[in-house]
Structure formats: structure tokens, C-alpha cells
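Here is the structure we will look at.
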Amino acid sequence: MLYVLRICDYASGMNKKPQIILVMGDIVIFMFFAFTGRETHAPGDVNLIVNALPTLLTFLIVWLTIATVGRVYRSDVMFNPRSALLRTLITWIIAAPIAIVIRAILLSRTAIPWQFVAVTLGLVGMLLLLWHGGTAWLLAKRKMA
């Protein structure tokens, strides 16, 4: 995560608080996804955190890497709702399939259920779009005030 924050916009001299908040929100989204998914499929798992880690870390690392390369955390994107939505969508369309395949390999899965793909693409994609779009809208509104 520190790597992501370092290469985002340090040269601009901008306050890094919005970037940190955006990254933290992304982490919360992926934690929600991994822990809820694990609890749904293995209710009462005493090792919930450990068993959810392969999914959480895979998706989080792939997302943060692709989002950094895709400039999702740059100030000119974060303060522009249209740019934020577009970059988030494109980044998710690239990152999700990569993370799904890596997760399948890590868990030695020979098949990837279409239901998992649909829920992952739809749910996490929607949450990321709401989060990034909403944050950009608020930041743009605050910047104009």
C-alpha cells in the first residue's frame, strides 16, 4: 500500500489525505468481499480471517497494482467524477479477471464457477464505482466551495 501512495502524486505537493482515504476505502471493499464471501460459503469458520486471506490479498494486490498503473489515485482523476468512474471501470475490467485467475491457481481450482465471476465483477465493481465516483464528486464539490 505504501508503494501505491508513493508513486501516486508526490511531486504535485497536494494533500495526500484524499488518496489515503480512497485507498483505505478500497481495502475495506475488498475485506468486505473476502470476509462476506467466506462467511457465506463456510458459516461459522473459526479460521475466517486466515481462510479469506488468499482471496483478500490476491484481489487487493492486483487491484492496487493495476489501479496505480491506471492512475486511479492521481489528483486529476480523484477530483473529477467522470474520470474517476471511467478509470475505475477500466481498471476493474482489467484487474478482476487477473485476480480471479490468480486466486484459482492459488486455491488449486481447475474450474472457476461463473457465479463467482458474476458476483465478483458485479458486486465489487459496483462498490468500487460507487466509492470512487462518490468520493470524486465530494472532492470536486469541496474544491469548488
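The values are calculated or read from the model by the stated rules, or taken from the named source; none is laboratory data. Predicted, not measured: the structure shown is a model, and the values here were computed from it. Counting neighbours? That spans all protein chains shown, and the Cβs are built from the backbone with ideal geometry, glycine included. Heavy atoms of the whole protein, side chains included, go into the accessibility calculation; ligands, DNA and RNA do not. Shrake-Rupley method; radii C 1.70, N 1.55, O 1.52, S 1.80 Å.
Leaving ligands, DNA and RNA out of it, report the carbon-plus-sulfur percent of the accessible area of the chain at a 1.4 Å probe.
Carbon and sulfur together cover 70 percent of it.
Sum up the charges of everything whose Cβ sits under 13 Å from the Cβ of Leu56, counting Lys and Arg as +1 and Asp and Glu as -1, but leave Leu56 out.
Net charge in that neighbourhood comes out at 0.
Rounded to the nearest 0.05, what FRET efficiency is calculated for Leu57 and Lys17 with R0 set to 30 Å and r the Cβ-Cβ distance?
Efficiency at R0 = 30 Å is approximately 0.75.
Out of Phe32, Phe116, Phe79, any idea which swings most in a Gaussian network model of the chain, alpha carbons joined below 10 Å?
Phe116
Would you work out which of Leu138, Leu64, Leu123 lies farthest towards the positive end of the dipole of the chain? Charges go on Cβ: Lys and Arg +1, Asp and Glu -1.
Leu138
HN-Hα J couplings of the range 103-111 from phi, Karplus 6.51/-1.76/1.60, θ = phi - 60°, integer Hz, Gly and Pro as x?
4, 4, 5, 4, 8, 6, 8, 8, 9
Which distance in nm do the two modelled labels at Val46 and Lys143 give, with both placed 7 Å along the Cα-to-Cβ direction?
Placing both labels 7 Å beyond Cα along the Cβ direction yields 5.2 nm.
With springs only between Cα atoms under 10 Å, which of Leu107, Leu86, Leu22 fluctuates most in a Gaussian network model of the chain?
Among Leu107, Leu86, Leu22, the largest GNM mean-square fluctuation belongs to Leu107.
Would you mind working out the accessible area per residue for the range 18-145, using a 1.4 Å probe, and quoting it in Å²?
56 Å²
So how strong a dipole does the chain carry about its Cα centre when Lys and Arg Cβ are +1 and Asp and Glu Cβ are -1, to the nearest 20 debye?
500 debye
At what distance in nm do the modelled label points of Ile94 and Gln115 sit from each other, each positioned 7 Å from its Cα along Cα→Cβ?
Taking the two extended label points, one gets 3.2 nm.
Each residue of the range 119-130 in order: what ³J(HN,Hα) in whole Hz does its phi give by Karplus 6.51 cos²θ - 1.76 cosθ + 1.60, θ = phi - 60°, with x for Gly and Pro?
Result, rounded to whole Hz: 5, 4, 4, x, 5, 5, x, 4, 5, 5, 5, 4.
Taking the simple approach of a point 7 Å from Cα along Cα-to-Cβ for both Met24 and Leu130, what is their distance in nm?
Reported label-point gap for Met24 and Leu130 is 2.0 nm.
Which of these values of log10 I(q)/I(0) by the Debye sum over Cα atoms at q = 0.12, 0.14, 0.20 Å⁻¹ was calculated from the structure shown: (i) -0.43, -0.59, -1.23; (ii) -0.50, -0.66, -1.19; (iii) -0.60, -0.82, -1.48?
(ii)
For the range 73-140, count the residues as N, evaluate 2.2 N^0.38 Å, and divide the Cα radius of gyration by that value, please.
Cα Rg divided by the expected 2.2 N^0.38 Å: 1.30.
Kindly provide the trypsin sites (Lys or Arg not before Pro) of the range 73-145 that DSSP labels as loop, not H, G, I, E or B, and whose Cβ sees at most 13 other Cβ atoms within 10 Å.
Arg109
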